[in-house]
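The values are calculated or read from the model by the stated rules, or taken from the named source; none is laboratory data. Being a predicted model, the structure only gives us computed values, none of them experimental. Cβ placement follows ideal geometry from the backbone for every residue including glycine, while neighbour counts extend to all protein chains displayed. The area values use the complete protein model at the heavy-atom level, side chains included, leaving out ligands, DNA and RNA. Shrake-Rupley method; radii C 1.70, N 1.55, O 1.52, S 1.80 Å.
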Amino acid sequence: MVRQAGQPAVKPRMVLKGISTGIEPRQKFSPAISVKLANTAPQLMTKLKIDGRIYDQNNHLAYQTKRHSLGMAPASNFDYLINTGNHRLKAGNYRVHLVATAGKQRWVFNRHFTISRKAATKANAETPRDWRWLWWLLLLLLILVVLWLAYRLGKHQATKKQRQ
């Protein structure tokens with residue numbers, strides 16, 4: 001803690017600067033909602049825990065990300081990414097509910113925001129597609145072709161034995 005000749009310690013102060021869209025590189029480049037948080041006080045935050053939740057316009061929980069053991073430098077900011085779990089972002093009205101705790105300090109932020117169609121399209125375009133379903137489909141088709149060939153070969157062999 002920062003102290004100055006008998007003055008009380010400076011308490012950390014966190015503010016929510018803005019909300020935007022982006023991608024989460026740690027989660028296979030999943031679309032994400034980015035919440036810019038700032039520590040406006042000259043105090044280091046340690047053991048920072050953040051629980052970020054995004055609610056849709058019907059007040060249903062759409063996305064959630066929890067992180068702990070974070071740190072935040074004095075007079076700094078960072079983008080806290082709330083992962084969508086590889087679900088594509090949809091344009092619409094949302095509400096972010098974010099709770100951050102560091103020691104005995106606690107901050108709660110509630111803010112309504114809108115994801116435009118352009119922002120959702122941009123975030124979704126930056127996300128690589130998951131093509132695993134195509135590989136499974138090709139494997140299934142290969143198995144079916146092998147089974148069909150085995151059937152045809154067996155039928156051909158049976159016909160050949162009957163002729164002899």
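Some values worked out for this structure:
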| item | result |
| --- | --- |
| Residue within region 73-94 that is at negative phi and touching a His at 6+ places or on another chain (Cβ under 8 Å) present | yes |
| Region 68-79 residues that are over 11 Å from Leu48 (Cβ atoms), paired with ones that are charged (D, E, K, R) (beta carbon under 8 Å, 6 or more apart) | Asn77/Lys17; Asn77/Lys36; Asp79/Lys36 |
| Some residue of region 126-149 being of a type in the set (Ser, Thr, Tyr), open to solvent by 80 Å² or more (accessible area, probe 1.4 Å) and either at pLDDT 90 or above or under 21 Å from Ile19 (Cβ atoms) (or both) | no |
| Single condition Lys161 does not satisfy, out of (1) open to solvent by 40 Å² or more (accessible area, probe 1.4 Å); (2) in a strand (DSSP E or B) | (2) |
| Residue within region 100-119 that is in a helix (DSSP H, G or I), surrounded by 14 or more Cβ atoms within 10 Å (Cβ to Cβ) and not aromatic (Phe, Trp, Tyr) present | yes |
| Residues satisfying the stated conditions in region 38-91, i.e. polar (S, T, N, Q) and either outside any strand (DSSP E or B) or open to solvent by less than 50 Å² (accessible area, probe 1.4 Å) (or both) | Asn39, Thr40, Gln43, Gln57, Asn58, Asn59, Thr65, Ser76, Asn83, Thr84, Asn86 |
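Each row is one residue, and each column tells you yes or no for (1) free of Cβ contacts under 8 Å to residues at least 60 places away in the same chain; (2) closer than 17 Å to Phe109 by Cα; (3) under 11 Å from the mean Cα position of the chain (by Cα).
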{"site": "Ser30", "(1), (2), (3)": "no, no, yes"}
{"site": "Ala41", "(1), (2), (3)": "yes, no, no"}
{"site": "Leu44", "(1), (2), (3)": "yes, no, no"}
{"site": "Ile50", "(1), (2), (3)": "yes, yes, no"}
{"site": "Gln64", "(1), (2), (3)": "yes, yes, yes"}
